[in-house]
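Take a look at the structure below.
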Amino acid sequence: MSTVTPVNDPLVGHVFGDRYRLVERLARGGMATVYRAVDTRLDRIVAVKVMHEGLGDDMDFARKFDREARAAARLSHPNIVAVFDQGEHRGRPFIVMEYVEGRTLRQVIATQAPLSPEKALSYIEPVVKALEAAHEVGLVHCDVKPENVIISDRGVVKVADFGLAKAVTGQTVTATQGLLIGTVSYIPPELVTSGRATSRSDVYSAGVVLFELLTGRKPHTGETPIQVAYAHVHADVPAPSSLGRHRVAIPDYVDALVAACTRRNPAERPVDGHAMHLRVTRARKALLRGLDDDPALAERLGAGPGADLADPAPASPVSPVRPDARTVLIRTKTPTEPSSWRFVPRSEDGGKRLQVSTPMSPMDIDAAHDGIPYDTSAHGSARTSSVRPLVRVSQTKVHRRRRGLVALVLLLLVGLAGGGGAYYYFAEARWTSTPNLDAMTEQDARAVLATAVLGVTVTREYSETVTSGDVIRTDPIGGARILRDGTVTMVVSQGPERFVAPKIVGLSRADAVTALTKLNLAVGTVTEAYDETVTSGTVVSASVEPGTQLKRGTTVDFVVSKGPKPIDIASYEGKPGDQATKELQALGFVVTATQDNSKTVAAGLVISQTPNSGQGKKGDTITLVVSKGPVMVAVPTVRGKSKADATTALQAAGFQVTTKSIVSGGLAFGLAYGTDPGAGTMVAQGSTISLLVG
């Protein structure tokens, strides 16, 4: 745990449990991060494993984590990383462990494998010793792998994470979710199919680690973790010696050791760490003696859990069994099994001297007849005996009546046994457990159900949290009882439910509402706005682009045109025509101007405007009539004409005429002498001209 990658970690510097100050991050795994820390109370270096955020939210997990951590803390063994303390920091469980300076077995495999059989067994033996100590107190590791085996700088092999993996397994229940932890290469078959781990599960994982030490590779590979997991279920671990050349030849009994520990059926493996330790010890002794191959030892190491692994005993001074002895079958305790069977010869004379023969496996017992005498030396057969019991059957009336009573009792026992068997079949044997398929792909889930011999019906529904094609839930739920050959209803995710946003721009308001509701979308805020180009009542814009994937019920806002914005029209009559044109064009109007003479409006001023009030819109036309001033007419020549003729000529030219006499007291002839203004002068039509008469 000495390899440190510099990293900025937000937890470094925090004090956990008011005692453990995190100094630096050592490693990060699938479910926890390990820190080097200082125990401020005892002033020592420790390792603190902190669960990832969210793992402590589940109360059931937190309770199991606490329970397993306490159980692990009770373990005291030189090959087990000691657990000192356990607690919770801001909702995140943590474990305080012994800090071991060294390297992991993974690093050894990466740099040295394949190892010689002697070296491989020297590494695996302390691992198995650690498992033996844990199994003796009822603790299962559940996560035996090279990353959890540390070799200290002093060469001491220690196993870490006792109890932690079991707490996580308790939360996830099944192997399918346990794959997320990253132990798929070492996962025992029963953890994949049933989600339950026992001491035999640790034996399987340790056997796989031994295989990897011997070969430098894992026994099963695949493109996905689920493929590797189910390879453990359906394929045997190959013999290490079958994988090509090795630096040192692998003896047949080492192959047999690996095969015994990695059998797919848990019942055929060594029962626990102690039983595996016996096998490893026998194999190491044979290697130290230099045995290349030993078929007899290979047969014993590869035998079932009831195999006799004791060292061959020296010749016994006890007298051989007499020919008249009877061999009976008694149940007793052995080092390798909770219970096993041994043959014990019993002398006919009732003597107490016993001679114990080779232990017998449960499979052998099934083939034998319990209670029938055997001659263990007769032709090597356990079924026949040349020695017959010396029995005389009494024919007295009392004895016959007793034999009848015994027969009746036997019949009752047989009936009860049959009834018990029927009860077991109907109450228990017909049932199995539903696999936990949650978050599996549909294909993998079908494979698991096929392995469990269960039928399947599939329904589908949308899910915001479960990937399309993965299982959302099952009925019955994972772990529930189900009849063998029963059917599991599996709900498979179709992924998030999404609807394609329609194009509503250009539609009328009513059509836009219909289009949205038809696709299970909601009408949001509708805003009306003036638009110079879009007809009133038409959708101008929307809050989402057409084609966008939306959740059911998503609100869509849009803007509806009110048409062009109205403009107030001001009157420019009597104002300069240039000013009127400029200001009206600035408002967006189109201005057309014409000119006309006006007697009353000065030139350049607006005579009239159409329209000259109300409201318009951009682009509307406003017509202006701009004054050119009055019509200019030349004053005609009237000199020498009579007063009447001169007046008529001036009036005909459009003038008003006034007469002004130029004779003062003299003789007047009534003739025109001129005009004022004078003849030829340009004067506004309608102006008044003075006629000069004399």
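Structure summary
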read-out	value
Residues located in segment 96-146, provided they are surrounded by fewer than 22 Cβ atoms within 10 Å (Cβ to Cβ), charged (D, E, K, R) and assigned to a loop (DSSP other than H, G, I, E, B)	GLU101
Residues satisfying the stated conditions in segment 665-694, i.e. within 30 Å of LYS628 (Cα to Cα), in contact with a strand residue (DSSP E or B) (Cβ under 9 Å, 6 or more places away or on another chain) and not in a strand (DSSP E or B)	PRO677, ALA679, GLY680, THR681, GLN685, GLY686, SER687
Test: THR467 is over 30 Å from ARG430 (Cβ atoms) and among the β-branched types (Val, Ile, Thr)	yes
Sole residue being under 15 Å from GLY207 (Cα atoms), of a type in the set (Ser, Thr, Tyr) and either modelled with pLDDT of 95 or more or in the same structural domain as VAL280 (by TED's automatic domain parsing) (or both), chosen from SER152, SER122	SER122
Test for VAL12: is it at pLDDT 90 or above, outside the structural domain of ALA160 (by TED's automatic domain parsing) and either under 29 Å from GLY138 (Cβ atoms) or assigned to a strand (DSSP E or B) (or both)	no
Residues of segment 527-541 that turn out to be among the small types (Gly, Ala, Ser) and in contact with a Pro (Cβ under 9 Å, 6 or more places away or on another chain), as a count	1
Test: VAL523 is at pLDDT 95 or above and within 30 Å of VAL456 (Cβ to Cβ)	no
Qualifying position, being within 30 Å of GLU464 (Cβ to Cβ) and surrounded by 13 or more Cβ atoms within 10 Å (Cβ to Cβ), among SER541, SER508, SER561	SER541
Pair list, Cβ under 6 Å, 6 or more apart: segment 504-516 residue in contact (Cβ under 8 Å) with a residue 12 or more places away in the chain, other residue assigned to a helix (DSSP H, G or I) and not hydroxyl-bearing (Ser, Thr, Tyr)	ILE504/ALA512; ILE504/ALA515
In segment 618-664, residue nearest to ILE569 (Cα to Cα) [restricted to those that are of a type in the set (Gly, Ala, Ser) and part of a helix (DSSP H, G or I)]	ALA652
Number of the condition not met by GLY478 [criteria: (1) assigned to a loop (DSSP other than H, G, I, E, B); (2) over 23 Å from ILE226 (Cα atoms)]	(2)
Evaluation of GLU223 against (1) farther than 22 Å from PRO114 by Cα; (2) touching an Asp or Glu at 6+ places or on another chain (Cβ under 7 Å) (one fails), failing number	(2)
First in segment 263-291 and part of a helix (DSSP H, G or I), second anywhere and surrounded by fewer than 19 Cβ atoms within 10 Å (Cβ to Cβ) and among the hydroxyl-bearing types (Ser, Thr, Tyr), Cβ under 9 Å, 6 or more apart	PRO266/THR198; ARG284/SER122; LEU287/SER116
Single residue of SER608, SER613 found to be surrounded by fewer than 19 Cβ atoms within 10 Å (Cβ to Cβ), assigned to a strand (DSSP E or B) and either modelled with pLDDT under 90 or outside the structural domain of PHE669 (by TED's automatic domain parsing) (or both)	SER608
Test: residue in segment 192-211 that is at pLDDT below 80 and either surrounded by fewer than 24 Cβ atoms within 10 Å (Cβ to Cβ) or outside the structural domain of LYS119 (by TED's automatic domain parsing) (or both)	yes
Meets criteria (under 60 Å from the mean Cα position of the chain (by Cα) and at pLDDT below 95) for LYS628	no
Any hit, segment 98-105, residues being modelled with pLDDT of 90 or more, in contact with an Asp or Glu (Cβ under 8 Å, 6 or more places away or on another chain), among the hydrophobic types (A, V, I, L, M, F, W, C) and within 22 Å of SER122 (Cβ to Cβ)	yes
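Residue-wise test of (1) among the aliphatic types (A, V, I, L, M); (2) outside any loop (DSSP other than H, G, I, E, B).
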| site | (1), (2) |
| --- | --- |
| ASP511 | no, yes |
| VAL559 | yes, yes |
| GLY563 | no, no |
| GLN579 | no, yes |
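The values are calculated or read from the model by the stated rules, or taken from the named source; none is laboratory data. In this text the structure is predicted, and so the values were computed from the model without any measurement. We place every Cβ from the backbone using ideal geometry, glycine too, and count neighbours over all the protein chains shown.
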